[in-house]
Amino acid sequence: MDLGIAGRTAIICASSKGLGRGCAEALAEAGCTVVINGRDGATLEETASQIRASYGAKVVAVVADVSTRAGQDALLAAAPEPDILVNNNGGPPPKGFRDVTREALLEGVIQNMATPIELTQRVVDGMIARKFGRIVNITSMSVLTPLTGLDVSSGARAGLTAFLAGVSREVAHANVTINNILPGMFDTDRLKGSMTKMAALRNVPIEEMAKARMADVPAKRFGNAEEFGKLCAFIASAHAGYITGQNFLIDGGVFKGAF
Ligand SMILES: NC(=O)c1ccc[n+]([C@@H]2O[C@H](COP(=O)([O-])OP(=O)(O)OC[C@H]3O[C@@H](n4cnc5c(N)ncnc54)[C@H](OP(=O)(O)O)[C@@H]3O)[C@@H](O)[C@H]2O)c1
């Protein structure tokens, strides 16, 4: 399917690896110019080269911490009039709720709530003026169902979802949409990191830990960044102008709800 976004410019935050990279690849494949981002310059450059080689796309690599004002400035300097914004960031480290300090709580809110709101504020009026805009937020299944140790993630992302639920209705008249994608368990460095910690805590090999977690997924596997990116690209496509304010759960069936 032609997604109808060839020639559009997309900023994909936190995209040198994992889910963000999956989104960048799918948007590059659809013909977009992609602005990719991460804090480690070497990893980011390698990803940029690979995306250029695979899709012949124009790729601009911005080394920056997206949580900071300076990082956001750098992203918007690279693409002052983006048509597509994919909000993504690192997630808070797993921690028992009693051990979450005020500092860690505020850090999580900055990362996963304030940053995507600030970037949305900065791009949305240009999108309205140009009568096209797609904002996609990578949130988490933890918005819908609690995950032990990820309370900061759940709270901050639920706050983002609620904040933008109203905004999405204010801007829909101008063909500007705001939607969220909620990943379950995806095979990325973040998942590997959390499984390594859990395996060490329980004193079991990581392979055993992975097997046990996969067994809980009705699809009997983890998701991959490629299939995640394809969903993102469709939500960002020309065909998705009538879809806004929605939460797209992509979790292999883990969340058990009929509606
Ligand atoms: N994978 C899952 O199963 C899963 C499930 C639910 C929710 N999520 C959430 O989805 C998001 C992406 O996860 P992932 O699994 O793709 O993680 P990942 O594989 O660890 O990749 C994270 C990417 O974000 C970049 N990044 C992190 N912090 C950044 C910052 N402050 N500024 C700019 N770039 C930054 C990293 O590069 P640098 O480190 O070089 O900056 C890397 O490119 C996270 O918020 C995660 O909590 C993931």
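The values are calculated or read from the model by the stated rules, or taken from the named source; none is laboratory data. The structure displayed is predicted, hence computed values, not measured ones. Don't worry about glycine lacking a Cβ; one is built from the backbone with ideal geometry, like all the others, and counts go over all protein chains shown. Accessible surface areas use protein heavy atoms only, side chains included; no ligands, DNA or RNA. Shrake-Rupley method; radii C 1.70, N 1.55, O 1.52, S 1.80 Å.
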Report summary line: trypsin sites (Lys or Arg not before Pro) in the stretch 169-232 lying in a DSSP loop, each with at most 15 other Cβ atoms within 10 Å of its Cβ, come to LYS220, ARG221
Query raised in the report: Which residue fluctuates the most in the chain, going by a Gaussian network model with Cα springs under 10 Å, if the choices are VAL143, VAL167, VAL204?
Result: VAL204
Query raised in the report: If amide H atoms are built 1.01 Å from N in the plane of the peptide, which residues on other chains or at least 5 residues away come under 5 Å of the amide H of ASP251?
Result: GLY184
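Counting heavy atoms of the protein chains only and a 1.4 Å probe, report the per residue accessible area for the chain as a whole number of Å².
Per-residue value: 48 Å².
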Query raised in the report: So which residue, out of LEU150, LEU44, LEU160, gets the largest mean-square fluctuation from a GNM of the chain using Cα contacts under 10 Å as springs?
Result: LEU150
Requested in this report: With springs only between Cα atoms under 10 Å apart, run a GNM on the chain and tell me which of VAL217, VAL86, VAL35 wobbles the most.
Outcome: VAL217
Report task. Identify the residues of the stretch 182-197 with backbone N under 16 Å of a label point that sits 7 angstrom from the Cα of GLU207 along the Cα-to-Cβ direction, or state none. Result -> 196
Report summary line: Each label sits 7 Å from Cα toward the beta-carbon; between THR68 and THR43 the label points are separated, in nm, by 1.7 nm
Query raised in the report: How would you order 130-141, 45-56 from highest to lowest mean count of nearby Cβ atoms within 10 Å?
Result: 130-141, 45-56
Query raised in the report: Can you give the Rg to Rh ratio of the stretch 152-259, both from alpha-carbon atoms, with Rh computed by the Kirkwood formula?
Result: 1.06
Query raised in the report: Counting only protein heavy atoms and using a 1.4 Å probe, what share of the accessible area of the chain belongs to carbon plus sulfur, as a whole percent?
Result: 56 percent
Query raised in the report: Taking H as built 1.01 Å from N, whose amide H comes closer than 5 Å to the amide H of CYS32, not counting residues under 5 places away?
Result: GLY7
Query raised in the report: Using r as the Cβ-Cβ distance of GLN246 and GLU226, and R0 as 25 Å, what FRET efficiency do you calculate, to the nearest 0.05?
Result: 0.70
Query - In nm, spacing of pseudo-spin labels at SER54 and ILE110 (7 Å Cα→C-beta vector) - result: 3.2 nm
Report task. Go through LEU160, ALA225, ILE206 and say which Cα lies farthest out towards the positive end of the charge dipole of the stretch 155-258; charges sit on Cβ, +1 for Lys and Arg, -1 for Asp and Glu. Result -> ILE206
